[in-house]
Amino acid sequence: MATTFILVKPATSNYNGTLFNKIRVGMHIDEVLKIEPSFEYDDFEEVYCSPKGIFIETDPIEHTVLWISVYVKELDNEDFERGNW
């Protein structure tokens with residue numbers, strides 16, 4: 001799966017919100033996969049990817065969520081920069 005990342009503002013350790021009202025920064029990846037089994041690990045990018053446009057990077061030792069990034073499909077719109085989306 002080839003992926004292009006455009007990170008506008010990923011959720012990091014200072015973020016207290018949740019993804020799907022359940023997934024949060026600091027959570028163990030095993031818990032994440034129970035909640036949302038669509039995530040697959042991308043060896044090249046070294047992140048978990050979901051076809052829903054969500055990417056999660058985990059700590060390589062603790063296997064906890066470091067950041068959550070949500071792809072905004074409107075970025076592909078040629079008028080995105082002008083706010084026409």
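The values are calculated or read from the model by the stated rules, or taken from the named source; none is laboratory data. Everything quoted here is computed from the prediction, not taken from an experiment. Cβ coordinates were reconstructed from backbone atoms using ideal geometry, including for glycine residues, and neighbour counts include every protein chain displayed. Remember, those area values only see protein heavy atoms, side chains included, never the ligands or the DNA or RNA. Shrake-Rupley method; radii C 1.70, N 1.55, O 1.52, S 1.80 Å.
Things worth noting here:
- For segment 15-64, GluC sites (Glu not before Pro) meeting the loop criterion (DSSP other than H, G, I, E, B) and having at most 11 other Cβ atoms within 10 Å: GLU46, GLU62.
- Listed residues VAL72, VAL65, VAL25 arranged by accessible area, highest first, probe 1.4 Å: VAL72, VAL25, VAL65
- Length available on full extension from ASP42 to ILE61: 0.36 nm per residue minus the Cα-Cα distance, which gives 5.2 nm.
- Distant-in-sequence amide H partners of TYR71 (H built 1.01 Å from N, under 5 Å): ILE54, PHE55
- ³J(HN,Hα) computed for each position of segment 42-48 - Karplus, 6.51 cos²θ - 1.76 cosθ + 1.60, integer Hz, glycine/proline x: 9, 4, 5, 7, 6, 9, 8
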